[in-house]
Amino acid sequence: MVKSLERAKREIIKAYNDDPEDWRVLVGRDTGRHLSVLISHGEELWIVKEEQINPYKSIGYGAKTYQDAELLKNISPYTFGFRPLTVNQIEELTSAMEKKKSINEILTDLMAKKPVSFKDIASPMVIQGPVIHSPKPIDYISDKHRQLDMKLKLELEKLLHRKYPQTVLPYV
């Protein structure tokens, strides 16, 4: 079922808060230059298509479907999530960046930690990710899911033409 971007995001956030483990996020642009986001959690897959209207507003659509749970597992050895940072970890990251040292080892250690739900974040900072970028994220999904992605794209383009024609039509 196709939902507004806001409604789809609320559903995804609720699902994440209920179970913050085993998430994967893959983003890229489609041929129309719209942002395509694949968000998987086990067998659940959300396909989101959005367009940024201005720095403060994005519009689009999303749909939840189901997939093979293994489909996106190979895109990263780490799962997506929010991982709280201790004061010591923040200082260690800051120090490494100030000294222009590699932070790969620090980030690897942080990404190995279990992600937590938003309600369990009590630290002053979190690290979010990984969000994997791909030139063609849709290549990772089945033909059935590609059809859904195309439906989302068409709905987004109709919305853009109707409410924000300046984003799709040339200036005269």
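Where a number appears in this text, it was derived from the coordinates with a stated rule and is not lab data. No experiment lies behind these values; they were computed from the predicted model shown. Cβ coordinates were reconstructed from backbone atoms using ideal geometry, including for glycine residues, and neighbour counts include every protein chain displayed.
Computed quantities for the displayed model
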item	result
Distant-in-sequence amide H partners of L85 (H built 1.01 Å from N, under 5 Å)	M125, V126, I127
Net charge dipole size for segment 28-172 [Lys, Arg +1 and Asp, Glu -1 on Cβ; Debye, nearest 20]	460 debye
Antiparallel content of DSSP bridges confined to the chain, in %, to 5	90 percent
Cβ-based exposure ranking for F118, F82, in which fewest neighbours within 10 Å come first	F118, F82
Per-pair calculated FRET efficiency, R0 = 25 Å: Y56 and D22 via Cβ, rounded to 0.05	0.20
Estimated 222 nm signal from helices in the chain, with DSSP H stretches of n ≥ 4 weighted -39500 (n - 2.57), rounded to 500	-10500 deg cm²/dmol
Prolate/oblate/rounded label for segment 81-127 (Cα gyration tensor, a/c 1.5)	oblate
Partner lysines for K9 [C-alpha distance under 23 Å; skip if fewer than 8 residues away on the same chain]	K49, K57, K64, K73, K114, K119, K136, K144, K151, K153, K158, K163
Shape of segment 50-108, Cα gyration tensor, a/c cut at 1.5	oblate
Centroid-to-centroid separation of segment 75-100 and segment 1-55 [C-alpha atoms, Å]	24 Å
Most fluctuating residue given options S117, S58, S76, as computed from a GNM of the chain linking Cα atoms under 10 Å	S58
Proximal charge balance of A8 [Cβ under 15 Å; K/R count +1, D/E count -1]	+2
Candidate aspartates and glutamates for bridging to K100, where Cα separation is under 15 Å - those fewer than 8 sequence places away on the same chain excluded	E91, E92
Residue of K158, K73, K99 that the Gaussian network model of the chain assigns the largest fluctuation, springs spanning Cα pairs under 10 Å	K99
